[in-house]
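These notes are about the structure you will find just below.
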Amino acid sequence: MGHRESERIARLSRRFQPRGERLLRGIGDDAAVVRGDGVVVTSVDAVVEGVHFKSDYTPPRAAGHKAVASALSDLAAMGVPAGEIYVAAGLPGDFGDDDFEELAGGIEDVANTCDAVVAGGDLTASPVLWLSVTVIGHAVDEANVIGRDGASNGELLAVTGALGGSAAGLQLLLGSSAVVGISREQEQALRDRHLLPFPRFCAGRALATHGVTAMIDLSDGLARDAAQLAEASGLHARIELEDLPLAGGVAAVATLTGREPHKFAAESGEEYELLCSLPESAFAAARDAVRHCGGELTAIGRFDGELTKASPNGAGGAGAVDFLDRQGRTVVVAGYEHFD
């Protein structure tokens, strides 16, 4: 990329000036310098054009936004605030300066909203657009960090927000015909739900301080992520499908595609809501705390025994999680698998 690389790094350095007390040196030096204290929480995520998104419906700003939001969501799921962001990007030859500015703008949108600092990264030429994002969070003590493995038998499973919006938005972006029963505003909200998610940092911190014992963000769909949460604690769970909160317009889009709406929502990936376990006695206070953040917390199931049979694919049905209809019958629900 030569001279253009130097110019672009200089533009990034001006856009992402070091701010806050923790970052001492950022973009422009060979390495970032960060003042540390307590424990450091680190996560790495990547998005690749043609695998995680397609450029014909994902503008550069949305690609940058989503790449950083999906990485930061892992920190939200552990109940820690965001700190630093490091972005490595592969840029195609036809990725112009306007595209680059839009990409950086999408990264900046999320960083500013989540009170995070873009501290460094790398640029390289690539046949397709890709971004690898490393995010750093900071906690005073390990006890302040929520993992996936702390649930106990009998505890509730609860989810923030409403589900199905990302899958419904993708259907609309792919060109589904007009959907009867939803407004243009709802359609746009669903598209934005897929392209422009935001990590649930406020809700994550609220839950971490109100009795939650285990937590995970919903990136691969409720079916797979619920199984991961259950397996990490060695427990079996049951989830009532019709208790799942549906985002506005999801039922109409699901029906258009011939799908049962609640199963559609359970299989929807890239939701970036939080799934957590907590004692029933703590639920009311946790729900109030999430509402204070402008969200909602809904109980959708319960851990009902020790796990005796490992799930072969992290999906519902036989294994770690049973999804049940109103008649108590098991419904097979699939989750996203990266290497199928």
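The values are calculated or read from the model by the stated rules, or taken from the named source; none is laboratory data. The shown structure was predicted, so the numbers you read here are calculated from the model rather than taken from an experiment. No Cβ is skipped: glycine too gets one built from the backbone with ideal geometry, and neighbour counts run over all protein chains shown.
Rundown of residues vs (1) crowded, with 23+ Cβ neighbours inside 10 Å; (2) β-branched (V, I, T); (3) under 23 Å from A206 (Cβ atoms), yes/no style:
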{"site": "G64", "(1), (2), (3)": "yes, no, no"}
{"site": "V68", "(1), (2), (3)": "yes, yes, yes"}
{"site": "S73", "(1), (2), (3)": "yes, no, yes"}
{"site": "A77", "(1), (2), (3)": "yes, no, yes"}
{"site": "V80", "(1), (2), (3)": "yes, yes, yes"}
{"site": "G83", "(1), (2), (3)": "yes, no, yes"}
{"site": "G90", "(1), (2), (3)": "no, no, no"}
{"site": "D94", "(1), (2), (3)": "no, no, no"}
{"site": "E101", "(1), (2), (3)": "no, no, no"}
Okay, helices (runs of 4 or more DSSP H) sitting entirely in the stretch 148-238 with 3 or more residues that are over 18 Å from L307 (Cα atoms), I get 165-173, 184-195, 201-208
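Please specify each residue of the stretch 254-268 satisfying the condition of being of a type in the set (A, V, I, L, M) and either modelled with pLDDT of 95 or more or in contact with an Asp or Glu (Cβ under 9 Å, 6 or more places away or on another chain) (or both).
Going through the stretch 254-268, the residues of a type in the set (A, V, I, L, M) turn out to be 254, 256, 265-266.
Within the stretch 254-268, A254, A265, A266 qualify.
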Mind checking which residues of the stretch 249-258 are part of a loop (DSSP other than H, G, I, E, B) and surrounded by fewer than 18 Cβ atoms within 10 Å (Cβ to Cβ)?
-> T257, G258
Kindly list, by first and then second residue, each pair from a residue in the stretch 115-137 that is over 15 Å from P60 (Cα atoms) to a residue that is aromatic (F, W, Y) and modelled with pLDDT under 95, limited to pairs with Cβ atoms under 7 Å and residues at least 6 apart or on different chains.
-> V118/F16
Taking G105, is it in contact (Cβ under 8 Å) with a residue 24 or more places away in the chain, in contact with a helix residue (DSSP H, G or I) (Cβ under 8 Å, 6 or more places away or on another chain), surrounded by fewer than 23 Cβ atoms within 10 Å (Cβ to Cβ) and of a type in the set (G, A, S)?
-> yes
Mind listing whichever residues of the stretch 267-297 are buried (at least 18 other Cβ atoms within 10 Å of the Cβ), on the phi < 0 side of the Ramachandran plot and not in a helix (DSSP H, G or I)?
-> E267, S268, G269, E271, E273, L274, L275, C276, S277, L278, G295, L297
Across the stretch 92-113, what is the number of residues that are modelled with pLDDT under 95 and part of a loop (DSSP other than H, G, I, E, B)?
-> 4
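Which of the residues spanning the stretch 85-95 are over 11 Å from S43 (Cα atoms) and in contact (Cβ under 8 Å) with a residue 24 or more places away in the chain? I'd like the intermediate steps shown before the answer.
Taking the stretch 85-95 and keeping what is over 11 Å from S43 (Cα atoms), we get 87-95.
Once the filter is applied, which keeps residues that are over 11 Å from S43 (Cα atoms) and in contact (Cβ under 8 Å) with a residue 24 or more places away in the chain, the stretch 85-95 yields V87, A88, A89, G90, L91, P92, G93, F95.
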Among the numbered conditions (1) under 17 Å from the mean Cα position of the chain (by Cα); (2) more than 15 Å from V333 (Cβ to Cβ), tell me where E231 comes up short.
-> (1)
Among the candidates S70, S43, S13, residue that is in the same structural domain as A111 (by TED's automatic domain parsing), among the polar types (S, T, N, Q) and at pLDDT below 95 = S13
